[in-house]
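The values are calculated or read from the model by the stated rules, or taken from the named source; none is laboratory data. Model, not experiment: these values are computed from the prediction. In this analysis, Cβ positions are derived from the backbone assuming ideal geometry, glycine residues included, and neighbour counts consider all displayed protein chains. For the accessible areas, the whole protein counts, side chains as well, though only heavy atoms, and no ligand, DNA or RNA atoms are used. Shrake-Rupley method; radii C 1.70, N 1.55, O 1.52, S 1.80 Å.
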Amino acid sequence: MTEHESKAHIMATALAVFAEKGFAKASMNDIVRASGLSKGGVYWHFKSKDELIAAIFDHFFVEQLALLDVMLAGDGTAVAKLTQLATLTGQSVAAMASQFPSPLEFYALASREEGLQSTLQTHFQNYQTKIAALVDQGIAQGEFRSVDSQATAKTIIALFEGVLLIWAISPELVNLETQVETAVQLLLQGLQTA
């Protein structure tokens with residue numbers, strides 16, 4: 001197994017362990033046992049459980065940012081791209097949420113672990129920059145009225161995160177995919193020019 005394959009294997013194993021036990025109850029020893037690798041082999045790649053969690057979320061956010069880059073570079077209106085972003089975000093968050101313990105547990109962990117919090121902040125800032133560029137595109141093309149694109153991007157992120165948190169509390173009441181799309185459609189009504 002190559003170094004890259006080992007790291008990917010450890011992350012996939014950790015996902016399964018976290019989904020079964022939750023972040024707080026899962027230990028590195030649980031991950032080592034489930035991976036079938038030596039303790040030294042696991043610790044060679046990840047020095048702690050928090051570092052492993054940060055790497056998993058980093059991988060998720062890097063994939064999300066890459067999808068956003070492709071979408072931004074593609075043809076189409078800002079409205080179509082923002083709608084596509086909502087669809088892709090709803091689908092990917094729903095898929096990820098099915099693999100992880102509660103987002104509430106993740107946010108609680110991030111609030112206590114400075115490194116994880118820093119990783120999350122960096123990704124939110126990158127996401128905000130890219131969404132703001134999309135809003136600026138819509139303004140430049142006359143699709144959106146003149147608004148503060150940074151504040152609008154923060155609002156879009158807050159909509160996505162808010163839907164995720166409501167789902168975490170009452171999953172039977174919220175369909176992640178459709179609710180994210182609904183939130184963006186309502187926002188678009190306020191952004192679009194007459």
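Observations
- The set of residues in the stretch 124-145 that are out of contact with any Lys or Arg (no Cβ under 9 Å at 6 or more places or on another chain) and either within 18 Å of F61 (Cβ to Cβ) or buried (at least 16 other Cβ atoms within 10 Å of the Cβ) (or both) comprises Q125, N126, Y127, T129, K130, A133, V135, D136, E143, F144.
- Contacts under 7 angstrom Cβ, first residue in the stretch 1-29 being on the phi > 0 side of the Ramachandran plot, partner polar (S, T, N, Q), 6 or more apart: none
- Total residues in the stretch 61-78, condition more than 13 Å from N126 (Cβ to Cβ) and modelled with pLDDT of 85 or more: 7
- Screening the stretch 161-174 for residues that are open to solvent by 60 Å² or more (accessible area, probe 1.4 Å) and free of Cβ contacts under 8 Å to residues at least 24 places away in the same chain and picking the one that is nearest to the chain's Cα centre (by Cα) gives I166.
- Selection within the stretch 23-35: residues that are of a type in the set (G, A, S) and surrounded by 14 or more Cβ atoms within 10 Å (Cβ to Cβ). The member of this set that is nearest to the chain's Cα centre (by Cα) is A26.
- Positions within the stretch 137-161 being small (G, A, S) and touching a helix residue (DSSP H, G or I) at 6+ places or on another chain (Cβ under 7 Å), in sequence order: G138, S146, S149, A153
- Check on V42, within 20 Å of the chain's Cα centre (by Cα), farther than 18 Å from V93 by Cβ, open to solvent by less than 20 Å² (accessible area, probe 1.4 Å) and modelled with pLDDT of 85 or more: no
To keep it simple, each residue is scored yes or no on (1) farther than 18 Å from T87 by Cβ; (2) loosely packed, with under 15 Cβ neighbours inside 10 Å.
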| site | (1), (2) |
| --- | --- |
| T122 | yes, yes |
| V147 | yes, no |
| I156 | no, no |
| Q179 | no, no |
| V184 | no, no |
| G190 | yes, yes |
| A194 | yes, yes |
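- When the residues of the stretch 99-113 are filtered to those that are at pLDDT 75 or above and in contact with a helix residue (DSSP H, G or I) (Cβ under 6 Å, 6 or more places away or on another chain), the one that is least open to solvent (accessible area, probe 1.4 Å) is A110.
- Matching residues in the stretch 175-186 - criterion: being in contact (Cβ under 8 Å) with a residue 60 or more places away in the chain and of a type in the set (A, V, I, L, M): L176, V180, A183, V184
- Those residues of the stretch 51-96 which are under 30 Å from M28 (Cβ atoms) and either in contact with a strand residue (DSSP E or B) (Cβ under 9 Å, 6 or more places away or on another chain) or open to solvent by 40 Å² or more (accessible area, probe 1.4 Å) (or both), in sequence order: E51, D58, H59, V62, E63, A66, A95
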